[in-house]
Every structure is written in C-alpha cells, then in structure tokens.
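Below is one structure, written out as structure tokens; comments come after it.
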Amino acid sequence: MEKNHAGDRYEQLSQDLLERFEWLRRGNRKRVKYGSILLLLLAPALFIIRWMTDSDKVVFLMIYILCFIMLAIFLIGVEYLDHLVQKNLREMIDREGDFDALLPAAETLHDKVAARVKGRRAGDGADRDDGEDGDSQ
C-alpha cells in the first residue's frame with residue numbers, strides 16, 4: 001500500500017506540473033499573438049495620430065522607435081520564458097524515467113528498514129545470533 005501511495009503522489013505531482021507548464025505555454029502563445037498584432041497595428045496607428053495632429057516629426061519618430069523597442073523586448077522575454085518552460089519540461093520528462101528506475105529500490109529499502117524495526121520490536125534486539133551490530137546491512 002505504501003508503494004502505491006508514493007507512486008500515486010508522484011503521478012499527481014507530475015500531472016500538476018504538466019498542467020502548469022501547459023497553462024504557461026498557452027499563455028505565452030496568447031502573449032506572442034497579441035504582441036504581434038500590436039506590432040502590426042502600432043505603425044498605422046502612430047502614422048494616423050501623426051497625420052491628425054500635424055505634430056513634430058522627430059518626436060513621433062522617437063515615440064515610434066521606442067514603442068517598437070519595447071514591443072521587441074516584450075516578445076523576446078516571452079520567447080525566452082517559453083524556451084525555459086520547454087527546457088524544464090524536457091528535463092522533467094527525462095528525470096521521470098530516472099525516478100521510475102529509482103523508486104522500486106527506494107521502496108525496497110523502506111521495506112527492509114521497516115522489517116528490521118519490526119524485528120527489533122518483536123525480539124528487542126536480544127536475539128542477534130548473526131553477529132551484526134545493527135548498523136550494517
């Protein structure tokens with residue numbers, strides 16, 4: 001029962017982590033989509049505002065360049081976060097195989113320790129005829 005409980009808990013944690021990664025990926029896709037739309041709409045909007053206000057060309061050029069730089073930084077940041085999510089997801093999947101390989105050994109060790117503790121309680125440690133000192137396996 002202990003083995004199934006640990007495996008179920010690991011599966012639940014793994015599923016929660018996968019759901020969070022997928023939620024982040026969906027959010028990043030939306031951010032890239034909205035950033036791209038904003039990038040496409042920004043230039044015409046600034047040109048229309050410039051034409052309607054008949055303001056200084058240099059000021060609008062600076063605003064135009066700054067807006068594009070900020071959007072580029074935003075999109076690069078979103079892409080970097082998406083890259084980190086993908087990297088962490090790949091590492092988690094790779095570790096999952098390692099964890100599954102180690103889990104039976106850890107449970108076996110737990111069972112051995114539990115059996116030894118039960119043996120001590122039953123015999124109070126007085127019936128050691130094999131010469132062990134209790135610390136070695």
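Is it fair to say Val32 is surrounded by 14 or more Cβ atoms within 10 Å (Cβ to Cβ) and assigned to a helix (DSSP H, G or I)?
Yes: the conditions hold for Val32.
Report, ordered by the first and then the second residue, all pairs with beta carbons closer than 7 Å, sequence separation of six or more or different chains, a first member in region 55-66 that is at negative phi, and a second member that is among the basic types (Lys, Arg).
Phe60/Arg50
Any chance you could count how many residues in region 43-77 are among the small types (Gly, Ala, Ser) and farther than 23 Å from Val32 by Cα?
Count: 1.
With modelled with pLDDT of 85 or more and in a helix (DSSP H, G or I) as the only criterion, which of Asp100, Asp82, Asp111 stands out?
Values: Asp100 fails: modelled with pLDDT of 85 or more; Asp111 fails: modelled with pLDDT of 85 or more.
Of the residues listed, the single one that is modelled with pLDDT of 85 or more and in a helix (DSSP H, G or I) is Asp82.
Go over the candidates Ser136, Ser55 one by one and state the one that is assigned to a loop (DSSP other than H, G, I, E, B), among the polar types (S, T, N, Q), at pLDDT below 75 and more than 30 Å from Arg29 (Cα to Cα). Show your work before the answer.
Values: Ser55 fails: at pLDDT below 75.
Every option except Ser136 fails the conditions.
Failed condition for Arg95, given (1) within 30 Å of Asp8 (Cβ to Cβ); (2) basic (Lys, Arg); (3) modelled with pLDDT of 85 or more, with all others met?
(3)
Give region 38-53 a look and list any residue that's farther than 14 Å from Phe68 by Cα and of a type outside the set (A, V, I, L, M), or say none.
Arg50, Trp51, Thr53
Residues of region 4-53 being under 30 Å from Arg90 (Cα atoms) and aromatic (Phe, Trp, Tyr), which ones?
Tyr10, Phe21, Trp23, Tyr34
What number of residues within region 40-60 are over 27 Å from Leu75 (Cβ atoms) and either among the small types (Gly, Ala, Ser) or surrounded by 12 or more Cβ atoms within 10 Å (Cβ to Cβ) (or both)?
Residues meeting the conditions: 1.
The values are calculated or read from the model by the stated rules, or taken from the named source; none is laboratory data. Because the structure is predicted, anything quoted here is derived from the model rather than measured. For neighbour counting, all protein chains shown are included, and Cβ atoms are generated from backbone atoms with ideal geometry for every residue, glycine included.
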